[in-house]
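*Asks:* Below is the structure I would like to discuss, written out as structure tokens.
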Amino acid sequence: GAGVSQTPSNKVTEKGKYVELRCDPISGHTALYWYRQSLGQGPEFLIYFQGTGAADDSGLPNDRFFAVRPEGSVSTLKIQRTERGDSAVYLCASSLRGREEQYFGPGTRLTVT
Amino acid sequence: AQTVTQSQPEMSVQEAETVTLSCTYDTSESDYYLFWYKQPPSRQMILVIRQEAYKQQNATENRFSVNFQKAAKSFSLKISDSQLGDAAMYFCANRGSNYKLTFGKGTLLTVNP
């Protein structure tokens, strides 16, 4: 079956602009995670959804970052007033409920100029 | 808080030889999982092997095996009969009761023909 998909694959934006990154989890997976991977680093946790609600958003760096999952499937990560430091690969993962293996998407590479 | 340390930024191995990647971690939880993920240039994180902390027996998956030393908080990955396709970044990760993965900084593995 289809894996986790993320769009766009690459996004270049100017400092100060607003961006949206989309994640399509594996069908039937109730848990969804966002991670951010800066150059030369391992992924860092941003937010975890169980169904439609954010069960843990402790990794969001500041209030410019926001994520939604209105119907418990597709999720959108929204970044306002982007800064050059936001440049990174944003990875999405999903799992069947929560404790199971997380399956990752190919990520979105965000570049803020 | 959980931490994961990978002390080898880069490793290299000859094709068909064996290589061991090191990982140490710290956690205050008694129930946790440890993982090794592979990330090729395509960016997609692929699960290589997982270990439940309560299991004493080391996990194995074909050519991949781990040496789990719980008291020392060490979790190394051994790759036997290395193949060119094994070349990638390898990340060690820990997951506790809060479901989120904590990753190390990664080890870049090169396989020489």
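The values are calculated or read from the model by the stated rules, or taken from the named source; none is laboratory data. Values in this document were obtained by computation on a predicted structure and should not be read as measured data. For neighbour counting, all protein chains shown are included, and Cβ atoms are generated from backbone atoms with ideal geometry for every residue, glycine included.
*Asks:* Residues of segment A:33-58 being more than 30 Å from B:Ser7 (Cα to Cα) and aliphatic (A, V, I, L, M), which ones?
*Replies:* If the condition is that a residue be more than 30 Å from B:Ser7 (Cα to Cα) and aliphatic (A, V, I, L, M), then A:Ala54, A:Ala55 are the ones that fit.
*Asks:* Criterion first (at the interface with chain B (Cβ under 8 Å from one of its Cβ atoms) and surrounded by 13 or more Cβ atoms within 10 Å (Cβ to Cβ)) does A:Tyr35 satisfy it?
*Replies:* Here the answer is yes, as A:Tyr35 does meet what is asked.
*Asks:* Considering only segment A:78-107, how many residues are more than 19 Å from A:Val4 (Cβ to Cβ) and among the hydrophobic types (A, V, I, L, M, F, W, C)?
*Replies:* 1
Residue-wise test of (1) modelled with pLDDT of 95 or more; (2) touching a Cys at 6+ places or on another chain (Cβ under 8 Å); (3) among the charged types (D, E, K, R).
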| position | (1), (2), (3) |
| --- | --- |
| B:Ser30 | no, no, no |
| B:Pro41 | no, no, no |
| B:Met45 | no, no, no |
| B:Ile49 | yes, no, no |
| B:Gln57 | no, no, no |
| B:Arg63 | yes, no, yes |
| B:Val66 | yes, no, no |
| B:Ser76 | yes, yes, no |
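*Asks:* Just for segment A:38-63: of the residues that are facing another protein chain (nearest Cβ under 10 Å) and hydroxyl-bearing (Ser, Thr, Tyr), which one is farthest from B:Leu109 (Cα to Cα)?
*Replies:* Looking at the filtered set, the residue picked out is A:Ser58.
*Asks:* Only residues that are in a loop (DSSP other than H, G, I, E, B) and surrounded by 15 or more Cβ atoms within 10 Å (Cβ to Cβ): list them for segment A:60-73, please.
*Replies:* Across segment A:60-73, the qualifying residues are A:Leu60, A:Arg69, A:Gly72, A:Ser73.
*Asks:* Quick check: is even one residue across segment A:13-21 aliphatic (A, V, I, L, M) and farther than 19 Å from A:Gln80 by Cβ?
*Replies:* For segment A:13-21, residues aliphatic (A, V, I, L, M) and farther than 19 Å from A:Gln80 by Cβ: absent.
*Asks:* Further question on the same structure: Given the conditions (1) over 23 Å from B:Gln39 (Cβ atoms); (2) aliphatic (A, V, I, L, M); (3) away from chain B (no Cβ under 14 Å), report the number of the one that A:Leu77 does not fulfil.
*Replies:* (1)
*Asks:* With the condition kept exactly as written, say whether any residue in segment A:39-59 is closer than 21 Å to B:Gly104 by Cβ, assigned to a strand (DSSP E or B) and among the hydroxyl-bearing types (Ser, Thr, Tyr).
*Replies:* Scanning segment A:39-59, I find at least one residue that is closer than 21 Å to B:Gly104 by Cβ, assigned to a strand (DSSP E or B) and among the hydroxyl-bearing types (Ser, Thr, Tyr), so the answer is yes.
*Asks:* Then there's this: Among the residues that make up segment A:92-106, is at least one of them farther than 25 Å from B:Tyr32 by Cα and more than 8 Å from every other protein chain (Cβ to nearest Cβ)?
*Replies:* Scanning segment A:92-106 turns up no residue that is farther than 25 Å from B:Tyr32 by Cα and more than 8 Å from every other protein chain (Cβ to nearest Cβ).
*Asks:* Within segment B:2-23, which residues are aliphatic (A, V, I, L, M) and more than 11 Å from B:Asn94 (Cβ to Cβ)?
*Replies:* B:Met11, B:Val13, B:Ala16, B:Val19, B:Leu21
*Asks:* For segment A:38-56, give me each residue that is surrounded by fewer than 17 Cβ atoms within 10 Å (Cβ to Cβ) and either closer than 18 Å to A:Ser5 by Cβ or modelled with pLDDT of 95 or more (or both).
*Replies:* A:Ser38
*Asks:* Could you list all residues from segment B:71-106 that are farther than 17 Å from A:Glu100 by Cβ, more than 8 Å from every other protein chain (Cβ to nearest Cβ) and assigned to a loop (DSSP other than H, G, I, E, B)?
*Replies:* Across segment B:71-106, the qualifying residues are B:Ala71, B:Ala72, B:Lys73, B:Ser80, B:Asp81, B:Ser82, B:Gln83, B:Ala87.
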